[in-house]
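Inspection log for the structure reproduced underneath, given as C-alpha cells.
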Amino acid sequence: MSGPILQVENLRTYFHTADGLVRAVDGVSFNLGRGETLGIVGESGCGKSITCLSILRLVDPPGRIEPDSTIRLGDRELTRLSEAAMREVRGNAISMIFQEPMTSLNPVWTIGGQIAEAVRLHRGVGRAEGRERAAEMLGLVGLANPQRRLDDYPHELSGGMRQRAMIAMALACDPDVLLADEPTTALDVTIQAEILDLLCELQERLGMAMIFVSHDLGVVAQIADRVIVMYAGQVLEEGATEGIFSRPRHPYTEGLLRSTPKLTAKLPRLATIAGSVPSPKRWPAGCRFHPRCPHAWDRCREDVPPLLAVDQPSRCWLEEEPQRRTRRGEAGG
Amino acid sequence: MSASGGNGSRKRLSAAALLPGLPQLLRGQRRAGLSLVALALSMLAVLVFGFDRVLATFTVGRIDYWVAFLTLLAGLAAAWWLGVSWGRGSSEDSAAGASQWAIAWREFEKNRPAMLGLYLMVALYLVTLLAPYLTSYEPSVIVDDIMRVRHLAPSQDHLMGTDKYGRDVYTRILYGARISLSIGFIAVGISIALGTLVGAVSGYFGGVVDAVLMRFVDTLISFPRLVLLITVIALFQPSILVVVVVLGLTLWPSTARIVRGEVLSLREREFIEAARALGLGSPRIILRHIIPNVLGPVIVAATLGLGNIILIEAGLSFLGLSAPPPTPSWGNIITDGREYLVEAWWVSTFPGLAIVFTVVSFNLIGDGLRDALDPRLRV
Amino acid sequence: MTAYIFRRLLQAIPLVFGILTLVFVILQVAPGDPMAIYMHPSVAPEVLEQMRENYGLDQPVHIQYVRWLKSFLSGDLGTSLTQNRPIAAILAERIPNTLLLSGTSLLLIFAIGIAIGIVQAVRQHSKLDHALTLGALFIYSMPSFWLGLMLILILAYRVHWVEWWPEALKFPPSGMDSVNYDLLSTWGKFTDRLDHLVLPSIALGVSSAASVARYTRSSMLEVIRQDYIRTARAKGLPERTVILKHALKNALLPIITLLGLYLPFLFSGAVLVEVVFAWPGMGRAIYDAIQQRDYPTVMATTFVFAVMVVIANLIADILYAVVDPRIRYERERR
Amino acid sequence: MSVPPLVEVSDLVKHFPIRKGVLGRTQGHVRAVDGVSLDIRRGETVALVGESGCGKSTTARLILRLLEPTAGRVIFDGQDTLALDRTGLMRFRRRAQIIFQDPFGSLNPRMTVGAVLREALHVHGIARGEAAARCVAELLDAVGLHADDAGRYPHEFSGGQRQRVGIARALAVEPEFIVADEPVSALDVSVQAQVLNLLADLQQRFRLTYLFITHDLSVVRHLADRVAVMYLGRLVELGDSDSVFGDPLHPYTRALLSAVPVLESEGRGQRIVLSGDVGHAASAPPGCPFHPRCPHPEKDETCRAVVPVLEERGGGAQAACHRI
C-alpha cells in the first residue's frame, strides 16, 4: 500500500451555540488507505456523522472546524483550501451518501439531471454527455432501464432505488474517497443487504476508499476492513475488523458487542451498559466513558486516557493497569 | 436567599418603600427592577402633574374618570406590592419539573423585541385607561371660537395640533385608543372561541361533519374580509356593538383552519392513541390531550389577530362604518384630517402613527410567542 | 393531471353556491323589511310595490332564493338604484380598473417580497437581515389607507416645494389619468397611466410585500436546512447554484398558493386605497353605493369580489399542480 | 391443548380504501392486513416480524381494537372483542395494553409523567389521591425510574427513559396482555439491551403475555417463544422460535434471516439476496404475494395464481408456500 489517501489528525469540530460550546468532534485522528473500507461505529451523538461532514467542510454554522485540525487528502491540506478549491474536491475527489434517501434527493429535479449536474460541473462536459454518463451510472448501480429512469423524479422511485440513485450520483465523477453516512439505516433489512452488496462490489471494481459510518455493529462487521469505535466525540478504539469484533480491548466496545442481540444464540438476558449516552453539551471529565464503565476507578475520573497500545489502540487506562479489570465488568451490568 | 432572616427582609421592605424596584436592582435583577421603577415613577408623575384632574374625579363623576382613578390606585399598589415580593426566592428557578409553559415564558423573556412589544402594550393600555388624567382638553367638545383654535400646528399647548373644529388631536387620539384597544379583545375572544370549537370538532370527528364545516369556512374565506364587513355593517346601522359582533363572527374561519390542522396532526400522534388504548373517552381526550396542545398556535393566532383587527377597525372607521362621530377613533380622526391633508398634516399623521405602534407591539408579541411556543425549535 | 384540474373546478362550484347563499342570507337577516334596501328617495312608492312583485318578495323564501340564484347565475345582477342601469354594466367598467391596480400590486408584492426574502435568508442573522425584518414589521403594521395619505402628502405635494427633487418622482395625488389623457399619444397614455398607478399600487401592495418577504425568508431557511441542499453542496456546486437552483424552486412552490391567499386581502385593501386615490374601481363603487344606500349594487359587488377570489384560488392551485412534480403523484396515491 | 389461548385471532382483514379519479370514488383497496390468524397463549411471547408496510402495526391495532377490522374476529379470553359494549370495552382496555415505538411521540408533552400515570389509574378507578401517588412511585420503581421523576415532563428525559415511562403507563392498569410495537427500534444499542431486559423481567414478575412487533429479527431471538413472519398483509410462516431461527421453512423467512447482518463471521450461511423491492400492499400481486421476489428455483404458475395457505409442516411450524 502506497501510504494513506486520507489522513485526519486531531480533528475538532465545535458548535459555538448560545447555550455554550458543544464539542461534537473532539480530537479525532485516523488514516484511510487506498481502496480500504474504514468503518466508524458509535451510538447517536458520538460525532461520527459530524466527522464525515467535517472532511467535506460541510458543517453548518455555528459548527466550526477548530484550528490545528488537519485533514490531508493526498498532499492537499483540506482545512486550508479556499472555498473554491474545496468545491473542486467535493463530489469529485471525495463524495458522500446520506442516511435518508427520501430527503437527500431534490424533489423538484429529475434523477438524471441531478446526477448529470455533478458530471458537468467537474468534468466540464456538455448536456448530452452528462446525461449519457448519468445513464451509465444508473446502469452501474443496477437500476433496470437506466435511460428511462433519467427523467424520473425522486418520488417515483422506491426507497432502495433512491439510495441506488444517490450512490450513482456520488460515484459519477470517480471519487477517490466515498463517505457513506448510515446509508442503509433507513432501509428494510432485505434492501439493506442489497445495498451493502452493491457498495462492496462497486468498491472492488472502482478501487475507491470508503468510510462507512453506522450505529449497527453487524453492518460494519460485514463491510469494513478496519473499524474505529467512537464515543462522546472521541475515538475509543481502533483496529482491524476481525480484532475489534473478536478481541475488543476497550470496555465500551466490549459492552456494545455484548449488548447487541445475536441471531444464533438464545440467551436468557442481554448484557447491558449502564446509563445512557451523555449529552454533547457536557461530556464527563476524565475518561468520557467512566460514568458507564464497570471498571472505572479514580484515575479514570480525573485523567483523560490517550489512545494506548500499538496494533489495536484503546483509549483506556486498563491498557496500563490491566489488573484493575473487575469481575463486575465480566458479568455485564 | 433563604438564609437572609428578619434583618434582610426589613432592609428589603425599607428599600421597597423608598422606591419599588430598588431591592430588585440591588439584587442585580435589572429587568424586574427597572420595570418596577418605571411603573412607580410614571404613576407618581401622573399623580403629581395631573393632581387637579385626579381631584376632579370626585366632582365630575364620570365613569372614565373613575376608571382612571382605579387604574392609578391599582398601578401604585402593584408597584409597591411587587416591589416587596417580586423575585424573592424564585431566583433559583430549577430546571426540573418546569412545564412547557414555563419554558416558553423563559424563551419569551430572552427575546428582546418581544419583551419590548410587551412593555409597549402595557404602556398603551395604561395610557388608555388613564386618559382623562393625561390631558386637560375634552375630546369632542367644540369651542365657540373655532376660527381661533382650528388647525393649530403642534406646540406645547397642543402636542399634536388641533383639527378643523379646533379639537386637540392628542386628546382625541388618547380617547380614540379605547375603541382600537377594546374592540380587538372582544372580537378576538369571539372569533377564537368559535374558531377553536369549530376547528376541534371538525378535525376530531372528520367525515361529513368536517366536510360541511370546512366548505362553510371556505365560503367565508372567499369574501375579501373588509368587503364582507362593510356589506354587513352597512345593512345594519353602524355602531361599536355591531362592529365588534360582526368582526368576531367573520374572523373565526382562519382560526378554525389552524386548529383543525393541528388537531389532524395531533390525532396521528401516538400519545393520543395511547390515551385511547387506556380507554379514555372522547371528551377527556379532547380536553386533556388535544386542547392543551393546540393552545400554543391559538394564542399566537390570537395575538397576531389583535393587530389585524385594529387595522381592520381603523379601515372601517376611515370609511365611516364604525363608531359614529363625534366619538373619536383613530380611523375617523384620519378621515377628519384628509380634507386638509396639506394644510394640517398633523391631524392624519399622528393617529396613523398610533395605529402603527400599537399593531407593531402586538405583532412583536405574537412573533415572540410563536418562537417561544414552537416545539420544533427545541427537543 | 387533467382529472385533478377537473376535480378542482368541480370543487369551485359549491363554493360559488355558498357565496350566493350567504349573500342571500345576509340580505334576509338584515333588520326590517327586505324591501328597505330599495327604499331610496329616488324610488317612488308605486315603483317599490311593483318591484316587490317583480322580485317575488311576496313569495315564500325558498322561491325567492331560487329566483335569486337564477338571476345571478344568468349574469343579471339587478339594477342600480342611483344610476338606473344594470349593475352588471357598471361593474364591467369597474372590474378592469380594480384588476389593473391589484395586478400591478401583486407583481410588485411578489417581485420585491421574494427578492428581499431571499437576501434575508442568505444573509441570515446579519445586520441587513435584522434591519429588513424590522422594516417589514413596521410596514405590515401600517394601515394601507394611511400609508396612501402619507404618500400623497409627501410625494404628490411636499416634494413640489423641494427644488432639487426630480420631476419624475413627483406623482399625481388621485385619479386614473390626467385631464388631458385623451389627447395623449399611445406612449403618453401608457406613461400617464403608469404615473397614476405608482402611489396607489405601493400603498396597496407594500404591506403584503413585507409579508411575502417574511414568508420567503422562513420558507428559504426551512429549505436550506433540508438534506438535499447538503447533497447539492456535497456535489461541489457553487453556493449560487445551490441557492438559485436547488433551494429557490422548492422554497417558491408554496408561495404560489399565497397568490390565492393574498388576493382577498388585496381586494379588501383596494376598497380603502381606491377611496383614498379616487380610483374608479370596484372598491370605490361599493363605497359610493354604501354612501348612497344603493344596496343592490353593494350586494352584487360583494358577490363579484368573492367570485374573483374563487377564480384566483383556482388558478393558483392549478399553477401549483403544474409546477410541482410531486403533486400529481400524491393526488393519485390518495 | 386444554387451556384455551388468551388471544385468538381469526381471519383478520383490514382494507383501506384508495380514492381516485374525478369524483374521488373508491377505486380499490390497500389490503393492509389480509387474513391473519394467530393464537397467543397465556404467558408466552409471540413476535410478529416483517418489513415496513407489511401490516404488522395495523394487525396490532386491530387486535387491541384501536382500529375496526374489515372482517375477522379477535377473541380475548373467550370474549369476542368486537361484540363488547362500553363497560366491556373498558374492562378489555384494562387487560390489554400497548407500548409504542417513538419515545418522543408517545407521551403528551404537556403532562408530567406523574399526571400521565395518575390519569390511567384514575380512569379505571384503580387508585386515587394518596394511594395513586404510591402506585405511581411503585410503577416508576418497577421500570427503573425514580419516584421523583413523577414531577418531570417528557422532554426532560432521554429516549430510553421515555420508553420506560411508556412501559410504566402500559403497566399502570395491571394488564395481562401487552402489545409492544417496535419498542426498541428508536433506541441506541446499549439502551436497547436495557429495555429488552426490563421487558423480560416484567414479564416474569407480572405474568405478562406479549405480542412483540419488530422488523429486527435479532431483537426477538432471545425474547420470543414463537415467531410469526408477515409479508404484504399475510402470515407466511409461524412457528417456535427455535424452529423459525434454526430451520426456516418459507423462502422469505430464509432470505430475511440471511440478510440480518451478524457479528460472527462463521455464524452465517449463504446469503440470499432478494431482487426487487418490498411490494406495496396497494398493488399486491395475485397468487403468492412473495412470488415476484421469490428466489425459489421451482416457482411456477401455481405461485403466480394461487394464494398459498398457512399449513402445518410438522415440528410445530406452519408456512404458507406451495414449494415446501
Across the range D:76-93, which residue is surrounded by the fewest Cβ atoms within 10 Å (Cβ to Cβ) among those that are within 19 Å of the chain's Cα centre (by Cα), in contact (Cβ under 8 Å) with a residue 40 or more places away in the chain and more than 7 Å from every other protein chain (Cβ to nearest Cβ)? D:D77
Do you know which residues across the range B:26-43 are assigned to a helix (DSSP H, G or I) and more than 14 Å from B:W80 (Cα to Cα)? B:L26, B:R30, B:R31
A:I94 - would you say it is open to solvent by less than 40 Å² (accessible area, probe 1.4 Å) and either of a type in the set (G, A, S) or facing chain C (nearest Cβ under 9 Å) (or both)? yes
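How many residues does the range C:22-39 hold that are surrounded by 15 or more Cβ atoms within 10 Å (Cβ to Cβ) and modelled with pLDDT of 75 or more? Give the derivation first.
Step one: of the range C:22-39, the residues surrounded by 15 or more Cβ atoms within 10 Å (Cβ to Cβ) are C:22-24, C:26-27, C:30, C:34, C:37-38.
Among the residues that remain, those that are also modelled with pLDDT of 75 or more are: C:22-24, C:26-27.
Residues meeting the conditions: 5.
Can you work out which of the residues in the range C:139-150 that are in contact with a helix residue (DSSP H, G or I) (Cβ under 6 Å, 6 or more places away or on another chain) and either open to solvent by 30 Å² or more (accessible area, probe 1.4 Å) or farther than 11 Å from C:V273 by Cβ (or both) is nearest to the other protein chains (Cβ to nearest Cβ)?
C:S141
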Within the bounds of the range B:291-309, is there any residue that is within 30 Å of D:G125 (Cβ to Cβ), in contact with a helix residue (DSSP H, G or I) (Cβ under 6 Å, 6 or more places away or on another chain) and open to solvent by 10 Å² or more (accessible area, probe 1.4 Å)? yes
Test for B:L118: is it open to solvent by 10 Å² or more (accessible area, probe 1.4 Å) and closer than 29 Å to B:F51 by Cα: yes
Picked from the range B:120-149 (must be in contact with a strand residue (DSSP E or B) (Cβ under 9 Å, 6 or more places away or on another chain) and touching a residue at least 40 places away in the same chain (Cβ under 8 Å)), the residue nearest to B:V169 (Cα to Cα) is B:P139
Residues in the range D:285-312 that are surrounded by fewer than 21 Cβ atoms within 10 Å (Cβ to Cβ) and in contact with a Gly (Cβ under 8 Å, 6 or more places away or on another chain): how many? 8
What are the pairs with Cβ atoms under 8 angstrom where one residue, in the range B:312-337, is more than 9 Å from chain C (Cβ to nearest Cβ) and the other, located anywhere, is surrounded by fewer than 24 Cβ atoms within 10 Å (Cβ to Cβ) and of a type in the set (S, T, Y)? Sequence gap at least six, or different chains. B:S317/B:T335; B:A323/B:S239; B:P324/B:S239; B:P326/B:S140; B:T327/B:S140; B:P328/B:S140; B:P328/B:Y175
Selection from the range B:338-348 of residues within 7 Å of chain C (Cβ to nearest Cβ) and of a type outside the set (A, V, I, L, M, F, W, C) yields B:R338, B:S348
Evaluate the range A:26-33: report whether one residue or more is touching a residue at least 40 places away in the same chain (Cβ under 8 Å), open to solvent by 10 Å² or more (accessible area, probe 1.4 Å) and closer than 22 Å to C:L221 by Cβ. no
D:Q203, sole failed condition from (1) crowded, with 18+ Cβ neighbours inside 10 Å; (2) under 18 Å from the mean Cα position of the chain (by Cα): (1)
Report yes if D:A172 is free of Cβ contacts under 8 Å to residues at least 40 places away in the same chain and away from chain A (no Cβ under 14 Å), otherwise no. no
Quick count over the range D:225-259, residues being at the interface with chain A (Cβ under 9 Å from one of its Cβ atoms) and of a type in the set (S, T, Y), is 3
Residues that are more than 10 Å from every other protein chain (Cβ to nearest Cβ): which helices (runs of 4 or more DSSP H) entirely in the range A:149-242 hold 2 or more of them? A:159-171, A:189-206
Anything in the range A:136-160 that is open to solvent by less than 10 Å² (accessible area, probe 1.4 Å) and more than 26 Å from the chain's Cα centre (by Cα)? List them, or say none. A:L150
Output the qualifying pairs, or none if there are none: Cβ atoms under 9 angstrom, residues six or more apart or on different chains, first residue in the range B:52-67 and farther than 18 Å from B:I179 by Cα, second residue open to solvent by 70 Å² or more (accessible area, probe 1.4 Å) and at pLDDT 85 or above. B:T57/B:W66
Counted residues, the range A:254-286 - those being among the polar types (S, T, N, Q), more than 7 Å from every other protein chain (Cβ to nearest Cβ) and open to solvent by less than 40 Å² (accessible area, probe 1.4 Å): 0
Criterion: open to solvent by 50 Å² or more (accessible area, probe 1.4 Å), free of Cβ contacts under 8 Å to residues at least 12 places away in the same chain, among the charged types (D, E, K, R) and within 13 Å of another protein chain (Cβ to nearest Cβ) - qualifying residue of B:R276, B:R267: B:R276
Output the residue which, of all residues in the range C:267-300 that are over 17 Å from C:L197 (Cβ atoms) and part of a loop (DSSP other than H, G, I, E, B), is most open to solvent (accessible area, probe 1.4 Å). C:R293
The conditions are (1) within 20 Å of C:H196 (Cβ to Cβ); (2) open to solvent by less than 30 Å² (accessible area, probe 1.4 Å), and C:I95 fails exactly one of them. Which is it? (2)
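Going through the range C:124-138 one residue at a time, which ones are part of a helix (DSSP H, G or I) and either surrounded by 17 or more Cβ atoms within 10 Å (Cβ to Cβ) or more than 7 Å from chain B (Cβ to nearest Cβ) (or both)?
Result: C:K127, C:L128, C:D129, C:H130, C:A131, C:L132, C:T133, C:L134, C:G135, C:A136, C:L137.
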Collect the residues in the range D:1-22 that are at pLDDT below 80, in contact with a strand residue (DSSP E or B) (Cβ under 6 Å, 6 or more places away or on another chain) and among the β-branched types (V, I, T), keeping them in residue-number order. D:I18
Give me a count of the residues in the range B:317-335 that are open to solvent by less than 40 Å² (accessible area, probe 1.4 Å) and touching a helix residue (DSSP H, G or I) at 6+ places or on another chain (Cβ under 6 Å). 12
Among the residues of the range D:45-75, count how many are touching a residue at least 60 places away in the same chain (Cβ under 8 Å) and within 14 Å of chain B (Cβ to nearest Cβ). 4
Being of a type in the set (A, V, I, L, M, F, W, C), part of a loop (DSSP other than H, G, I, E, B) and either in contact with a Gly (Cβ under 9 Å, 6 or more places away or on another chain) or open to solvent by less than 20 Å² (accessible area, probe 1.4 Å) (or both) is the filter here; which residues of the range B:132-180 pass it? B:I142, B:V143, B:L152, B:A153
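The values are calculated or read from the model by the stated rules, or taken from the named source; none is laboratory data. Everything numeric here is computed off the predicted structure, so don't read it as measured data. FYI the Cβ positions are ideal-geometry reconstructions off the backbone, even for glycines, and counts take in every protein chain you see. Surface accessibility is based on the protein's heavy atoms, side chains included, excluding ligands, DNA and RNA. Shrake-Rupley method; radii C 1.70, N 1.55, O 1.52, S 1.80 Å.
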